[in-house]
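The values are calculated or read from the model by the stated rules, or taken from the named source; none is laboratory data. This one's a predicted model, so the numbers in the text were calculated from it and none came from an experiment. In this analysis, Cβ positions are derived from the backbone assuming ideal geometry, glycine residues included, and neighbour counts consider all displayed protein chains. With ligands, DNA and RNA removed, areas are computed over all heavy atoms of the protein, side chains included. Shrake-Rupley method; radii C 1.70, N 1.55, O 1.52, S 1.80 Å.
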Amino acid sequence: MRRSRKDGDSVDEERDSRRRRIVDSPSSPAEEPLVPYNDDEDDERRVLDHSGGAEEVGRRVETEEEDDDDDDDPYGRGSILDKSNRQVEVRRDCPYLDTVNRQVLDFDFERFCSVSLSNLNVYACLVCGKYYQGRGKKSHAYTHSLEAGHHVYINLRTEKVYCLPDGYEINDPSLDDIRYVLNPRFSREQVEQLDKNKQWSRALDGSDYLPGMVGLNNIQKTDFVNVTIQSLMRVTPLRNFFLIPENYQHCRSQLVHRFGELTRKIWHARNFKGQVSPHEFLQAVMKASKKRFQIGVQSEPVEFMSWLLNTLHADLRTSKKSSSIIHKCFQGELEVVKETQNKAISEKKEGGGEHNGALKIMDGATENNNIGTETYRMPFLMLGLDLPEPPLFKDVMEKNIIPQVPLFNILKKFDGETVTTTVRPPARMRYRVIRLPQYLIVHMRRFTKNNFFREKNPTLVNFPVKNLELKDYIPLPAPTKENEKLRSKYDLIANIVHDGKPDEGFYRVFVQRKSEELWYEMQDLHVSETLPQMVALSEAYMQIYEQQQ
């Protein structure tokens, strides 16, 4: 009996040790990760830390268990050890480099596999320009290489180039121009020289274009986005900030990174084509605005500009009290005096109550008779200007007179004395500018909506293109520091115009190129040089002025 118990013990021990071996085995389902080893993981992280931004890094951490560049076994049933021991061969000589077709390459669109619609491990075929996922033996890129005979692929995230189906990496400096188009990059020295550059660039199709003056595709009723982007590209500190990704790599916002990418593409001097498609930026806008702004639905540039600046500011700042490049460029300050009828006092007077009419000061507000006056400060990013009503009747010649008004007349709204009446709530408002921004955005309120239709005010505004002196028309506070000079003189750098009927018209923009002080008219893909006099003859809708230093 004792011997048989010992035999039984030895059987039990052997069974236990076998069970331990199974559990410790890498092929055990209990311990096996869902995804095989990714031999590009370190390289991807390194590239992301250099150029991607915090949001991309964060996304990488979340998806690295699903992410597999070299997925020979997409379901994770293979051996991990085999993959970890495998190294990718790097070669300089590749017999297929002459099949690369730069004419078909377009990196402006969303980076999704054209078969699986996944955005993980996407490669671009450098022969036909299509996007495919993975490069393992069961991947779409591998299949495409066998079926179509296209052998050269670039990873859209790491910028590494591979030859399929052979699987080796190609290290050839002749492919650097493709990497620069995929992810344009600027040194700080190049950024500082941008406004001095007078040189034209040449696209692959032989057309010439000016960096920073490239047309933007109108995807479908997106001209309101295009004119806003083209205007903001003239704001030098904002442009310089977004040309260097390190400035906002802490930011997790997709909108910030897409805006930075679009800025770099517009100012890149080595593009393959003379225009840019803001497709990825528009996708980020639709997501961030919860479809308030979307492709195929016309919106007003002033609403989009206001939303974009406020959203970029909120996403860029690191704490509630911190500032951002948006506020440094555009934020000014108003002093607002609000007069409202005090309901409590008027009810008391009606009820026979006594009121001596004395001034009563409460929390920065005063009460005089039944009028309550409140004074407070308010920051602003743009100023809204009211246009005078156009005449209702035709003149002797049976034609409508298009009225004209000087810009200085409508700027008087901010002189601290002119009263603006609001209907909801009923109040009398007086505004005074107490701090001017470096870049002043003004918006002419051309459109009014009622219960039935939308109307457009055709009044022309006469404005100077250079040397707009604000202190002659609105009282400005003296500088706080002794040696500081009051900077109240501005030059126009962008002028957005609306043409046509209220619901059927389109937007275009006049922008200035600093290197030669020439003016260009831009309407989607159409870019042409124009005279400064033509800028002042248009129905101005929104303008950006730069403070003279």
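A few notes on this one:
- Flag if Gln294 is under 30 Å from Leu204 (Cα atoms) and modelled with pLDDT under 90: no
- Looking only at the stretch 452-503, and only at residues there that are of a type in the set (S, T, N, Q) and closer than 21 Å to Asp223 by Cα, the one that is surrounded by the fewest Cβ atoms within 10 Å (Cβ to Cβ): Asn457
- Output for the stretch 143-157, where each listed residue is free of Cβ contacts under 8 Å to residues at least 12 places away in the same chain and either under 29 Å from Ile244 (Cβ atoms) or assigned to a loop (DSSP other than H, G, I, E, B) (or both): Gly149
- Only one of the numbered conditions (1) crowded, with 18+ Cβ neighbours inside 10 Å; (2) modelled with pLDDT of 90 or more is not met by Ala148, and that is (1).
- Across the stretch 275-293, the number of residues qualifying as open to solvent by 20 Å² or more (accessible area, probe 1.4 Å) and touching a Ser or Thr at 6+ places or on another chain (Cβ under 7 Å) comes to 1.
- Complete set of residues in the stretch 191-215 that are of a type outside the set (A, V, I, L, M, F, W, C), open to solvent by 50 Å² or more (accessible area, probe 1.4 Å) and either within 21 Å of Val104 (Cα to Cα) or not assigned by the TED database to the domain that holds Ala284 (or both): Arg202, Asp205, Asp208
- Annotation: Val497 fulfils all but one of (1) without any contact (Cβ under 8 Å) to a residue 60 or more places away in the chain; (2) in a loop (DSSP other than H, G, I, E, B); the unmet one is (2).
- Looking only at the stretch 374-425, and only at residues there that are open to solvent by 90 Å² or more (accessible area, probe 1.4 Å) and at pLDDT 85 or above, the one that is farthest from Leu492 (Cα to Cα): Thr421
- The residues in the stretch 159-190 that are in a loop (DSSP other than H, G, I, E, B), surrounded by fewer than 19 Cβ atoms within 10 Å (Cβ to Cβ) and out of contact with any Ser or Thr (no Cβ under 8 Å at 6 or more places or on another chain) can be counted, and the count is 6.
- Scoring Gly136 on the criteria (1) under 25 Å from Ile244 (Cβ atoms); (2) in a loop (DSSP other than H, G, I, E, B); (3) open to solvent by less than 30 Å² (accessible area, probe 1.4 Å) leaves a single failure, condition (1).
- Selection of first residues in the stretch 158-180 that are without any contact (Cβ under 8 Å) to a residue 60 or more places away in the chain and on the phi < 0 side of the Ramachandran plot and of second residues that are in a helix (DSSP H, G or I) and open to solvent by 10 Å² or more (accessible area, probe 1.4 Å), restricted to Cβ pairs under 9 Å at least 6 apart or on distinct chains, gives the following pairs, ordered by first then second residue: Val161/Arg179; Leu164/Tyr142; Leu164/His144; Leu164/Leu146; Pro165/Tyr142; Pro165/Leu146.
- Residues in the stretch 520-549 that are free of Cβ contacts under 8 Å to residues at least 24 places away in the same chain and in contact with a strand residue (DSSP E or B) (Cβ under 6 Å, 6 or more places away or on another chain) were compared, and the one that is most open to solvent (accessible area, probe 1.4 Å) is Glu529.
- Looking across the stretch 431-451, the residues that are open to solvent by 60 Å² or more (accessible area, probe 1.4 Å), under 25 Å from His327 (Cα atoms) and assigned to a strand (DSSP E or B) come down to Arg432, Arg435, Arg445.
- Restricting attention to the stretch 191-214, the residues being in a loop (DSSP other than H, G, I, E, B) and closer than 23 Å to Thr228 by Cα number 5.
- Asp98 vs. criteria assigned to a loop (DSSP other than H, G, I, E, B), open to solvent by 50 Å² or more (accessible area, probe 1.4 Å), modelled with pLDDT of 50 or more and out of contact with any strand residue (DSSP E or B) (no Cβ under 8 Å at 6 or more places or on another chain): no
- Unmet criterion (only one of (1) at pLDDT below 60; (2) over 24 Å from the mean Cα position of the chain (by Cα); (3) open to solvent by less than 50 Å² (accessible area, probe 1.4 Å)) for Tyr75: (3)
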